[in-house]
Amino acid sequence: MVRKATRLPNGTRISDQVSLGVLTATVPAALVDAVLAETGRQSQRRRQLPARLVVYYVMALALYAQSSYG
């Protein structure tokens with residue numbers, strides 16, 4: 001099945017359309033943490049953007065691959 005490219009309306013940011021809450025409701029933080037631990041990729045230090053949030057960010061990028069992430 002071919003995916004049709006979609007675009008957000010001009011002047012709209014991806015963060016205006018999708019909140020982190022939608023992703024965390026679908027993929028619980030405990031599951032993301034378990035996968036990060038199992039693969040040995042959990043955060044080693046306290047950072048401004050922890051590994052769990054990077055995972056959610058990458059999922060959002062994948063969902064809106066045709067949109068700018070600026």
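No lab work stands behind these numbers, since they all come straight from the coordinates. In this text, all values refer to a predicted model and were calculated from it rather than measured experimentally. Methodologically, a virtual Cβ is constructed for each residue, glycine included, from the backbone with ideal geometry; neighbour enumeration extends over all protein chains shown.
Structural remarks
- Peptide ranges 27-34, 38-45, 52-59 listed from the most packed, as the mean C-beta count within 10 angstrom indicates: 52-59, 27-34, 38-45
- Convex hull volume per residue in cubic angstrom - Cα atoms of segment 15-65: 84 Å³
- R0 of 25 Å, Cβ-Cβ distance Y64-T24: FRET efficiency to nearest 0.05: 0.90
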